1. Just want to confirm a number: the relative contact order over the range 99-228, from Cα pairs under 8 angstrom separated by 6+ residues, in percent.
2. What number do you get for the range 99-228 when its Cα radius of gyration is normalised by 2.2 N^0.38 Å, N = residues?
3. Dipole of the range 167-294 (Lys/Arg Cβ +1, Asp/Glu Cβ -1, origin at the Cα centre): which of 268, 294, 254 lies farthest to the positive side?
4. Just want the ordering: 37, 271, from fewest to most Cβ atoms lying within 10 Å of their own Cβ.
5. Principal axis lengths of the range 226-287 from Cα atoms, whole Å, largest first?
6. Arrange the peptides 198-209, 102-113, 256-267, 78-89 so that the one whose residues have, on average, the most other Cβ atoms within 10 Å appears first.
7. Skipping prolines and chain starts, which residues have an amide H placed within reach, meaning under 5 Å, of the one on residue 50, given they are 5 or more residues away or on another chain?
8. State the Kirkwood hydrodynamic radius of the range 184-286 in Å, one decimal place, computed from all pairs of distinct Cα atoms.
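Since every read-out is calculated from the coordinates, none of them should be taken as a lab result. Note that the structure is a prediction, hence the values are computed from the model and not measured. Virtual Cβ from ideal backbone geometry, glycine too; neighbours counted across all protein chains shown.
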Amino acid sequence: MCAMWRLQVTLCTLSVLSLSSAGESKARSCSEVRQAYSAKGFSLFHVPHQEVSGEHLRVCPKGYTCCTSEMEDKLSQQSKQEFEIMVEESSHNMRTTFISRHKKFDEFFLELLDNSEKSLNSMFTKTYGKLYMQNSEVFQDLFTELKRYYTGGNVNLEEMLNDFWSRLLERMFQLLNSQYHFTDDYLECVTKYTDQLKPFGDVPRKLKAQVTRAFIAARTFVQGLMVGREVANRVAKVNVVPACVKALTQMLYCPYCRGMPELKPCHNYCYNVMRGCLANQEDLDAEWNLFIGIVEKLTPDMTGAEGKRENKDKDNTSSKNMQQNC
């Protein structure tokens, strides 16, 4: 591997040296450059027909060149735009994956919650009839608060569940003793001794544990998907600094100025430029890939095997992903 790397560096060096020596001999035709430059959508007004002296260049090597100052400026702008588009496109799959998985999980979980409410309402209506229907708002309020918690509302799950059982106990106590009238203070006193009386047995404790565990996990997961989407959106907006623009221009378009528009950079050269331009994203790479792996494990049913392999290859915003464009 080390020998191969040294060979690639040598080849890169030789290619650069060959360009320099070729440029020093005599002025050559710029016809290929004019054709390539025009294909980019630029006007040929400032493009010379033959190489000219390049003392005016600020980014590309001086000497004989097919670039004017106007061309160099436009090519620098083109480098910046192409790089921004490349980063945007490279992160598109990842961002759409987060949006899709958030939507699917959200629909799935809310559907489960709605079905649970409908099933309970149907069963209690058949079992208790009018008695339940007259007091059904206690259960409706429970599911409303559960939905509010899941969607990010300021709800304390433990307090909310305790309040539900207290309200249910008050209603049942009054219904079972309808011949009496109880003051609010008396009913409050009854609910204070719920733990000692245990009118519902061990059901409240078990249900509280199950509901709390399920809803905390669901809310945390769906919020994680939203955070991941926002991080992906922000990372996709690269702040292209002048040093990066200069390096990109030298790599992508300085060969135009040397009369060789078809010349492509070697892999190591491209990789180093990308690492420099995506230094911040590179620092995020390890933690981000760990996060993506956790999301993959938590949503195994949301994509098929092929989809999982594809996402694993694409869901990466670091310079490693950018290498595919080199």
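1. 34 percent
2. Expressed relative to 2.2 N^0.38 Å, the Cα Rg reads 1.22.
3. Among 268, 294, 254, the one farthest towards the positive end of the dipole of the range 167-294 is 254.
4. 271, 37
5. 48, 19, 18
6. Top of the packing list down: 256-267, 78-89, 102-113, 198-209.
7. 30
8. 19.9 Å
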